[in-house]
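The values are calculated or read from the model by the stated rules, or taken from the named source; none is laboratory data. The structure displayed is predicted, hence computed values, not measured ones. Cβ placement follows ideal geometry from the backbone for every residue including glycine, while neighbour counts extend to all protein chains displayed.
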Amino acid sequence: MVTRIEHIAIAVKDVDASAKLFETLLGIERGHTETLSVERVKVAFFELGDSRIELVEGIGSDNPTAKFIEKRGEGIHHICLEVEDLPGTLSRLDAAGFPLIDKVPKPGSRGTSVAFLHPKGCNGVLVELVEQHRPSS
Ligand code: ZN
């Protein structure tokens, strides 16, 4: 079961330029900004209550985000939905015939687990699923 929209990711050519635009649009300052060298992306987050907007810039021309922009232009790249049980959700969706990009969860940022579903099975939308791992006290 999906519990909330964790974030919406927007592919942009220049995170810093777009962050200024979104600061004006949203009326808030950008939050966490990070360069992920393994993923070859630079990201900036805007915290919006219980949800976030993530701006993503591909670093170099040979990465999925840059290729996405080349093909489709800047725009919404994926939506991220939070689930309570990611492995269970993946088995349920796999059984229901959804094409999974990640058959098993992989590590996401801030100690989360994530997995992507192929857009061809989701009306053209790239869907990321995330499970938070809150420390159990
Ligand atoms: Zn994401």
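Right, Glu131: in contact with a Leu (Cβ under 6 Å, 6 or more places away or on another chain) and modelled with pLDDT of 95 or more or not?
For Glu131, the condition - in contact with a Leu (Cβ under 6 Å, 6 or more places away or on another chain) and modelled with pLDDT of 95 or more - is met.
Among Gly27, Gly58, which is the only one that is among the small types (Gly, Ala, Ser) and closer than 24 Å to Gly124 by Cα?
Gly58
Taking Val38 as meeting all but one of (1) touching a Phe, Trp or Tyr at 6+ places or on another chain (Cβ under 7 Å); (2) of a type in the set (Val, Ile, Thr); (3) free of Cβ contacts under 8 Å to residues at least 24 places away in the same chain, write down the number of the exception.
(1)
Kindly indicate which of Ile69, Ile76 is within 14 Å of the ligand (Cβ to nearest atom), modelled with pLDDT of 90 or more and β-branched (Val, Ile, Thr).
Matching residue, one of Ile69, Ile76: Ile76.
Name the residue that is surrounded by the most Cβ atoms within 10 Å (Cβ to Cβ), counting only residues in region 121-137 that are touching a residue at least 12 places away in the same chain (Cβ under 8 Å) and in a loop (DSSP other than H, G, I, E, B). Steps first, please.
Our first condition is that a residue be touching a residue at least 12 places away in the same chain (Cβ under 8 Å); within region 121-137, this holds for 121-122, 125-133.
Right, trim to in a loop (DSSP other than H, G, I, E, B) and you get 122, 125-126, 132-133.
Numbers: Cys122: 15, Val125: 12, Leu126: 19, Gln132: 15, His133: 12.
Looking at residues that are touching a residue at least 12 places away in the same chain (Cβ under 8 Å) and in a loop (DSSP other than H, G, I, E, B), I get Leu126.
Which members of region 19-42 meet the condition of being in a strand (DSSP E or B) and within 12 Å of the ligand (Cβ to nearest atom)?
The first filter runs over region 19-42 and keeps only residues in a strand (DSSP E or B), leaving 33-36, 41-42.
Matches in region 19-42: Leu36, Val41.
Would you confirm whether any residue within region 1-11 is closer than 24 Å to His133 by Cβ, assigned to a loop (DSSP other than H, G, I, E, B) and touching a residue at least 60 places away in the same chain (Cβ under 8 Å)?
There is at least one residue in region 1-11 that is closer than 24 Å to His133 by Cβ, assigned to a loop (DSSP other than H, G, I, E, B) and touching a residue at least 60 places away in the same chain (Cβ under 8 Å).
Hey, among the residues in region 7-23 that are more than 16 Å from the chain's Cα centre (by Cα) and of a type in the set (A, V, I, L, M), which one's nearest to Glu47 (Cα to Cα)?
Filtering first and then ranking leaves Ala19.
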